[in-house]
Amino acid sequence: MIMQKFSEFYNTVDDIIRHCRTDFIGPVEEEEVIEIEDPLSRYTIGILWAQPKEKNSETIEISNALEEAFEENSEDNEDVKNLNIFKPSSMGLSFTVSGQDKLNVSFSYAVYHHFERQMKKNGKIIQQHCYSREAKNFSSIISVPDKVSHLVLSKPEQDIFVSFHVRRINEDDSRLVTISVLNKNKAENDFIDTNTKALFQCKLSVRSKNGFLPVYQGNHHKSFEEQKNDMLYDAVNNYVYGHGCSAVHVEKNGITEEIRSEFISRYRMLQMMPRLLQHTEYLFMQYWQTADRITACQQLENFIFQYQEWYQNLKFSAELIAKYPEPAEQTFRNIAQCIKRLHHGVHVLQENETAWKAFQYMNEAMLLQRVHTKHCPPETVSWYPFQMAYILQIIPDIISHQSPFHDKVDLLWFPTGGGKTEAYLGVSAFTIFYRRLSETGNVNGVTVIMRYTLRLLTLQQFERAAALICACEVMRKKYRVPGGEISIGLWIGAGMTPNHIKDAAESLKKLKEDSAAVLYEANPMQITKCPWCGTEINIGGYTIRQNQMHISCCHNPDCAFHQHLPIYVVDDDIYQNAPAFILSTVDKFARMTWEEKAGNLFGANGCNPPELIIQDELHLISGPLGSITGIYETAVEEICKHYGNIPKIIASTATVKNADRQVKILYNRNMIQFPPNGLSQKDSFFAVEADESRKPARTYIGICAAGTGSSDMLIKIFALLTFMKSLSTT
């Protein structure tokens with residue numbers, strides 16, 4: 001039933017992998033003849049290159065040179081070292097077997113023989129270079145030696161070596177073994193010689209008589225994060241490591257009987273979904289419009305009690321705790337801290353009237369946003385448990401800068417598509433309403449800054465955020481919330497939106513004169529549909545009045561924003577109006593250096609500085625971008641501090657590897673991950689593996705592309721996926 005429901009989806013995945021394998025590894029045909037191009041131009045991976053000769057024809061001993069290259073203070077062999085990395089001549093597999101085992105080793109590959117033939121081109125006879133494929137195979141049976149040893153199995157051919165190496169004998173008498181293949185053919189600096197002495201479509205496989213054992217790696221020299229991951233994935237056994245290739249294992253009747261190399265590996269993983277709980281009236285957004293404060297807060301306490309029960313049950317996992325004492329202890333501390341913060345969040349709602357009112361307004365605004373964008377019945381709109389918990393624990397940090405967690409970065413970690421955006425949009429709405437209801441100082445000005453690394457992501461999320469801001473503005477008028485218009489600004493580079501009103505006016509003039517015109521830069525028409533009612537917005541919805549650009553839902557007189565949408569996309573308008581919500585890319589903060597008016601976004605206009613900074617897709621800020629971003633983070637914090645307060649920072653990501661170090665480098669703050677991990681990857685209170693009858697498993701494809709032109713390969717992959725997209729109906 002599952003396969004039938006998603007058969008077209010899985011068939012498309014199979015087609016993509018099959019096309020990748022044919023295109024990148026080959027062969028197209030078993031007895032193919034390659035014309036026009038050479039094999040190394042047609043195929044890019046699964047190749048063992050021939051080793052080069054120096055210009056004086058003296059051979060380079062790669063193995064010896066590599067040993068020297070990795071020695072300390074060695075500078076003479078960098079070229080050789082890089083050569084081995086980018087044009088590998090060896091590959092191997094490491095695995096564990098019992099001491100009494102017998103192994104069947106097989107290595108298959110192909111060579112291409114060069115020949116020339118005459119062909120007619122433009123009326124002339126020319127010599128055409130061609131290559132014919134010959135498939136080859138080598139196999140050997142070997143008993144596992146009873147001591148650490150190294151031996152070369154019988155050669156498949158001259159200068160091709162298959163080596164067997166017992167590297168370690170474990171306490172249980174099992175052996176850690178590495179089997180490798182080395183192409184020691186020497187090639188002249190000649191494309192024919194290089195092609196004919198390379199090995200293509202290489203595949204190394206090993207079968208075990210008794211079955212392979214999990215490869216054990218001790219905790220010596222492992223970072224704390226690596227130890228934590230070992231604990232989380234303790235139930236997942238790894239049977240093989242690849243060297244210069246990926247590796248897969250084949251199980252049958254619970255026994256791993258074969259391992260093999262793989263250059264295009266695949267892994268099917270069930271998708272994660274937010275866990276749903278029973279008796280959760282408090283999760284429905286409509287509930288909070290008329291909720292009794294005492295009753296509602298008690299329901300939230302019961303919700304936290306369920307989390308506490310799950311936490312207490314974790315402590316019965318004696319085996320895991322004994323095996324990983326330090327990661328387990330840290331896990332328990334993180335969960336206990338989270339529970340304490342959740343209780344504090346509920347306490348704030350009980351005792352702080354302004355926070356309670358802002359929380360109610362937040363729920364109503366999020367409800368309106370969902371109803372208007374998703375067109376779902378109001379009574380069905382609800383939070384996921386992890387979203388509610390995330391908001392509750394951050395509330396105390398928003399209302400008090402003296403909160404012990406105000407200067408921590410709360411990192412929301414959840415798989416892509418799980419609902420992270422709704423969670424931090426909820427925090428944003430609470431922050432906007434709390435600032436205005438508190439009436440401390442000038443409540444206008446930028447309250448929330450949300451940042452992205454990619455402009456495409458920014459535009460996608462802008463639509464959702466704009467719908468929420470429209471809901472907040474409707475509620476401001478309905479409940480007479482203090483302050484002026486609640487608005488949103490899109491603050492990104494001039495390549496997307498105009499920096500100045502005069503640029504916007506010129507662009508609008510071009511679009512009005514030629515309706516078919518397409519602007520690739522400085523396009524002020526970033527909104528094509530009203531985020532409130534969904535009506536199309538064309539050029540008529542964009543006008544310049546009083547030196548500002550106004551956007552309106554001009555074609556729907558019944559829309560609440562028929563006259564004016566609270567949206568600004570021109571830098572001049574953003575600096576002048578200082579919208580409550582700014583959505584930006586991280587590179588835009590470089591404007592602070594060149595544009596004095598940018599200070600208005602951080603409190604220079606007499607308003608309070610931003611209360612909240614949200615960094616989405618945190619894992620994308622790395623390398624040179626991370627270095628530059630870190631510099632501007634220091635500037636933003638100092639400017640905000642100068643004008644009154646330091647903002648709370650929250651972030652989201654779908655991957656948390658080295659996140660604590662990354663946060664420390666970027667913000668000089670400590671990180672708190674939410675939700676805290678349990679003791680295993682499947683043991684989570686807030687998430688659960690999706691039933692495959694509801695959601696298809698995700699298929700991850702890994703391409704082991706050492707020795708290739710990675711840019712060319714990426715172009716090929718994107719072209720292939722674009723072509724294959726038409727086959728997918730899911």
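Collect the residues in the stretch 597-625 that are of a type in the set (D, E, K, R) and in a loop (DSSP other than H, G, I, E, B), keeping them in residue-number order.
GLU611, ASP616, GLU617, listed by residue number.
This table checks each residue for (1) in contact with a strand residue (DSSP E or B) (Cβ under 6 Å, 6 or more places away or on another chain); (2) in contact (Cβ under 8 Å) with a residue 12 or more places away in the chain; (3) not basic (Lys, Arg).
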residue: TYR568; (1), (2), (3): yes, yes, yes
residue: ASP572; (1), (2), (3): no, yes, yes
residue: PHE602; (1), (2), (3): no, yes, yes
residue: GLY623; (1), (2), (3): no, no, yes
residue: GLY630; (1), (2), (3): no, yes, yes
residue: VAL636; (1), (2), (3): no, yes, yes
residue: ARG661; (1), (2), (3): no, no, no
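ILE628: out of contact with any helix residue (DSSP H, G or I) (no Cβ under 6 Å at 6 or more places or on another chain) and assigned to a helix (DSSP H, G or I), yes or no? So ILE628 fits the description; yes. Select from the stretch 403-422 the residues that are buried (at least 21 other Cβ atoms within 10 Å of the Cβ) and part of a loop (DSSP other than H, G, I, E, B) and list them in ascending order. Of everything in the stretch 403-422, those that are buried (at least 21 other Cβ atoms within 10 Å of the Cβ) and part of a loop (DSSP other than H, G, I, E, B) turn out to be PHE414, GLY418.
If you go through the stretch 287-297 one residue at a time, do you hit one that is of a type in the set (A, V, I, L, M, F, W, C), closer than 29 Å to ASN677 by Cβ and within 32 Å of the chain's Cα centre (by Cα)? No, that holds for no residue. Of the residues GLY419, GLY441, the single one that is out of contact with any helix residue (DSSP H, G or I) (no Cβ under 8 Å at 6 or more places or on another chain), on the phi > 0 side of the Ramachandran plot and not charged (D, E, K, R) is GLY441.
Taking the stated definitions as given, is GLY623 crowded, with 17+ Cβ neighbours inside 10 Å, of a type in the set (Gly, Ala, Ser) and on the phi > 0 side of the Ramachandran plot? So GLY623 fails the test. Within this structure, TYR324 fails the test of being crowded, with 17+ Cβ neighbours inside 10 Å, more than 16 Å from PHE386 (Cα to Cα) and at pLDDT 95 or above. In the stretch 543-584, the residue that is surrounded by the most Cβ atoms within 10 Å (Cβ to Cβ) out of those that are within 16 Å of PHE462 (Cβ to Cβ) and of a type in the set (Ser, Thr, Tyr) is TYR568.
Applying the criterion of at least 2 residues that are under 26 Å from the mean Cα position of the chain (by Cα), hydrophobic (A, V, I, L, M, F, W, C) and more than 30 Å from GLU329 (Cα to Cα) to the strands (runs of 3 or more DSSP E) found wholly in the stretch 213-268 leaves 246-252.
For SER246, indicate whether it is touching an Asp or Glu at 6+ places or on another chain (Cβ under 9 Å), of a type in the set (S, T, N, Q) and closer than 27 Å to THR22 by Cα. Spelling it out, SER246 is indeed touching an Asp or Glu at 6+ places or on another chain (Cβ under 9 Å), of a type in the set (S, T, N, Q) and closer than 27 Å to THR22 by Cα.
You will find that of LEU314, LEU276, LEU342, the residue that is closer than 24 Å to GLN673 by Cα and loosely packed, with under 14 Cβ neighbours inside 10 Å is LEU276 and no other. Where strands (runs of 3 or more DSSP E) sit wholly within the stretch 124-182, those with at least 2 residues that are under 39 Å from the mean Cα position of the chain (by Cα) and surrounded by fewer than 14 Cβ atoms within 10 Å (Cβ to Cβ) occupy 160-169. Within the stretch 11-26, the only residue that satisfies the criterion of being closer than 30 Å to GLU116 by Cα, touching a strand residue (DSSP E or B) at 6+ places or on another chain (Cβ under 9 Å) and surrounded by fewer than 19 Cβ atoms within 10 Å (Cβ to Cβ) is ARG21.
The values are calculated or read from the model by the stated rules, or taken from the named source; none is laboratory data. It should be emphasised that the depicted structure is a prediction, and the values quoted were computed from it without experimental measurement. Ideal geometry is used to build each Cβ from the backbone, glycine not excepted, and the neighbour counts take in all protein chains shown.
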